[in-house]
Amino acid sequence: MYDFLHTYEKIEKKFLNDISHYIAIDDDNLNVYSDSIYDLIVHCGVQIEKISKELCFQYEEREINSFNDRFEIIDNKFKNF
């Protein structure tokens, strides 16, 4: 199984140590662009994709290729959680 926690900690560390030192976390900065922020958003998206595939494989015991289908499966599984 993929080590999601380790990857999350790396993403969090990059955000806290790199980005938040240069850009204040404030609504006034929502339109700020940087390659570092872009890379972090892409990295988060990749992790969401990996986690959703892993969860759906555990619940359905088969690979689900559509993200919308995976989202629906996960949403239904955790609705009453």
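The values are calculated or read from the model by the stated rules, or taken from the named source; none is laboratory data. Since the model is a prediction, treat every value here as computed from it, not as a measurement. Positions of Cβ are backbone-derived with ideal geometry, glycine not excepted, and every protein chain shown enters the neighbour counts. Remember, those area values only see protein heavy atoms, side chains included, never the ligands or the DNA or RNA. Shrake-Rupley method; radii C 1.70, N 1.55, O 1.52, S 1.80 Å.
A few notes on this one:
- Close pairs (9 angstrom Cβ cut-off, 6 or more residues apart or separate chains): among the hydrophobic types (A, V, I, L, M, F, W, C) in segment 46-63, surrounded by 14 or more Cβ atoms within 10 Å (Cβ to Cβ) and outside any helix (DSSP H, G or I) anywhere: CYS56/ILE64; PHE57/ILE64
- Among the residues making up segment 9-34, those that are open to solvent by 100 Å² or more (accessible area, probe 1.4 Å) and part of a helix (DSSP H, G or I) are LYS10, LYS13, HIS21, TYR22, ASP27, ASP28.
- Check on PHE4, in contact with an Asp or Glu (Cβ under 9 Å, 6 or more places away or on another chain), surrounded by 10 or more Cβ atoms within 10 Å (Cβ to Cβ) and touching a residue at least 40 places away in the same chain (Cβ under 8 Å): yes
- Cross-chain or 6+ apart pairs with Cβ under 9 Å, segment 30-45 first and free of Cβ contacts under 8 Å to residues at least 40 places away in the same chain and more than 16 Å from TYR8 (Cβ to Cβ), then assigned to a helix (DSSP H, G or I) and hydroxyl-bearing (Ser, Thr, Tyr): SER34/TYR22; SER36/TYR22
- For segment 65-81, the candidate set comprises residues that are over 16 Å from the mean Cα position of the chain (by Cα) and within 17 Å of GLU49 (Cβ to Cβ); within that set, the residue that is surrounded by the most Cβ atoms within 10 Å (Cβ to Cβ) is ILE73.
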